[in-house]
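In what follows, a structure is listed as structure tokens, so that the remarks can point back to it.
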Amino acid sequence: MISTGKVIKYGNNVDTDVIIPARYLNSSEPEFLAAHCMEDLDSKFHEKVKPGDLIVAGENFGCGSSREHAPAAIKASGISVVIAKSFARIFYRNSINIGLAIVECPAAADEIADGDEVSVDFSTGVITDKTTGKEYQSEPFPEFIQNIISAGGLVEAVKKGVVG
């Protein structure tokens, strides 16, 4: 499984309150969440994001509350993968559960620039910055996590019988 897109870059400690502000938590509708994703951090996010794009960020991405709305909003906006130096653990788990690919790779997070075209091969863990030609090695996803992401999340993976 390979994902390719343009990068939208953020810094450290991007918390769930700026990923999807609390005032929008009255809905779980993906389109509604996508329309308000990142708006308190980046008011132009919903205008610039295209299906398949990637977020690259610093340390502790997804810190804050344990709301599943945050990774759901990112996924619904069209982001195919988030690359960061590190993730808040509950955000990491929520992301896998809803089928949002997330990759920890400090070197890539430091060096990849906003607007670069990047591809991620989930089975090998290779991140390629197509703009600069530089490659980075992250930990590849185990097959069962690839199955969860491909299925669209844990619930769908169980329904389809691709995880037990």
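The values are calculated or read from the model by the stated rules, or taken from the named source; none is laboratory data. Just so it is clear, the model here is predicted, and its values are computed rather than measured. Virtual Cβ from ideal backbone geometry, glycine too; neighbours counted across all protein chains shown. To get the accessible areas, we keep the full protein, side chains included, count just its heavy atoms, and leave off ligands, DNA and RNA. Shrake-Rupley method; radii C 1.70, N 1.55, O 1.52, S 1.80 Å.
Here the range 52-73 is the region considered, the condition is being over 23 Å from ALA113 (Cβ atoms) and open to solvent by less than 10 Å² (accessible area, probe 1.4 Å), and the residue that is nearest to the chain's Cα centre (by Cα) is PRO71.
The single condition among (1) closer than 25 Å to GLU135 by Cα; (2) open to solvent by less than 20 Å² (accessible area, probe 1.4 Å) that PHE91 does not satisfy is (1). Going through (1) assigned to a helix (DSSP H, G or I); (2) in contact with a strand residue (DSSP E or B) (Cβ under 6 Å, 6 or more places away or on another chain) one by one, PRO71 falls short only on (2).
Residues checked against (1) touching a residue at least 60 places away in the same chain (Cβ under 8 Å); (2) in contact with a Gly (Cβ under 9 Å, 6 or more places away or on another chain):
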position: SER3; (1), (2): yes, yes
position: THR16; (1), (2): yes, yes
position: PRO21; (1), (2): no, no
position: GLU29; (1), (2): no, no
position: GLU39; (1), (2): no, no
position: VAL49; (1), (2): no, yes
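Yes/no per residue for (1) of a type outside the set (D, E, K, R); (2) touching a residue at least 24 places away in the same chain (Cβ under 8 Å); (3) open to solvent by less than 20 Å² (accessible area, probe 1.4 Å); (4) not in a loop (DSSP other than H, G, I, E, B):
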{"position": "ILE96", "(1), (2), (3), (4)": "yes, yes, yes, yes"}
{"position": "VAL103", "(1), (2), (3), (4)": "yes, yes, yes, yes"}
{"position": "SER123", "(1), (2), (3), (4)": "yes, yes, no, no"}
{"position": "ILE127", "(1), (2), (3), (4)": "yes, yes, yes, yes"}
{"position": "GLU156", "(1), (2), (3), (4)": "no, yes, no, yes"}
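Checked against the criterion of being open to solvent by less than 10 Å² (accessible area, probe 1.4 Å) and at pLDDT 95 or above, the candidates VAL49, VAL82 yield just one match: VAL82. Taken over the range 140-153, residues that are in contact (Cβ under 8 Å) with a residue 40 or more places away in the chain, assigned to a helix (DSSP H, G or I) and open to solvent by less than 60 Å² (accessible area, probe 1.4 Å) amount to 5.
Which one is surrounded by the most Cβ atoms within 10 Å (Cβ to Cβ) among residues in the range 16-33 that are of a type outside the set (S, T, N, Q) and not in a helix (DSSP H, G or I)? In this case the residue turns out to be ILE20. The single condition among (1) among the hydroxyl-bearing types (Ser, Thr, Tyr); (2) surrounded by fewer than 17 Cβ atoms within 10 Å (Cβ to Cβ); (3) within 24 Å of THR132 (Cβ to Cβ) that TYR10 does not satisfy is (2).
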